[in-house]
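The structure under discussion appears below in the form of structure tokens.
The values are calculated or read from the model by the stated rules, or taken from the named source; none is laboratory data. Source: prediction; values computed, not measured. Note that we place each Cβ from the backbone using ideal geometry, even for glycine, and neighbour counts take in every protein chain shown. In case anyone asks, the SASA skips ligands and DNA or RNA and just uses the protein heavy atoms, side chains included. Shrake-Rupley method; radii C 1.70, N 1.55, O 1.52, S 1.80 Å.
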Amino acid sequence: MLKIRAYEQHDFPTLCTIFLRAIKETASADYSARQIAAWAQVDEERWRQKIAASRVIVAEKDTVLVGFITAVDDYIDLLFVSPDHSRQGVASALLKALLLQHPERVFTVEASITAKPFFERHGFHVIEQQQVEARGERFLNYRMRR
């Protein structure tokens with residue numbers, strides 16, 4: 001059974017692992033090997049600061065962390081699910097939990113090519129297509145709003 005709960009500090013290493021695996025194994029279908037190499041990096045100090053400044057919700061299945069979502073104000077910064085648990089409703093449960101906590105908010109997200117169809121299914125629409133840069137690589141993503 002899936003359990004949605006607040007983030008706890010001891011979750012941090014698992015969040016990093018989920019992020020890295022999701023990019024390397026899931027997003028690699030939509031981005032080049034060079035783009036994946038540039039994206040799939042965690043600066044631990046920066047990430048700890050980012051997590052501390054965010055609302056973070058995690059999903060557990062049988063006491064194993066399988067996904068997480070982070071938001072700063074009305075901006076969804078991160079939403080990642082372990083490749084072992086993709087397409088099992090984890091991301092939907094995380095997004096629903098966030099939206100229920102803040103029903104009055106109009107949320108935005110910068111969705112990857114991989115995540116765009118998920119967010120569209122949940123009522124987000126594209127505001128603009130963007131080219132962003134990370135570690136010398138350019139990425140296509142979509143600024144979306146709900």
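At pLDDT 95 or above, in contact with a helix residue (DSSP H, G or I) (Cβ under 9 Å, 6 or more places away or on another chain) and among the hydroxyl-bearing types (Ser, Thr, Tyr), is that true of Thr108?
no
Take Ala134 and tell me if it is closer than 30 Å to Arg34 by Cβ, aliphatic (A, V, I, L, M) and modelled with pLDDT under 95.
Yes.
Answer yes or no as to whether Val64 is in contact with a Cys (Cβ under 6 Å, 6 or more places away or on another chain), modelled with pLDDT of 95 or more and either of a type in the set (A, V, I, L, M) or at positive phi (or both).
No; evaluated as a whole, the condition is false for this residue.
Pull out all pairs, ordered by first then second residue, where Cβ-Cβ is under 8 Å, the residues are six or more apart or on different chains, the first lies in the range 12-33 and is over 17 Å from Pro117 (Cβ atoms), and the second is of a type in the set (Asp, Glu) and open to solvent by 50 Å² or more (accessible area, probe 1.4 Å).
Cys16/Glu44
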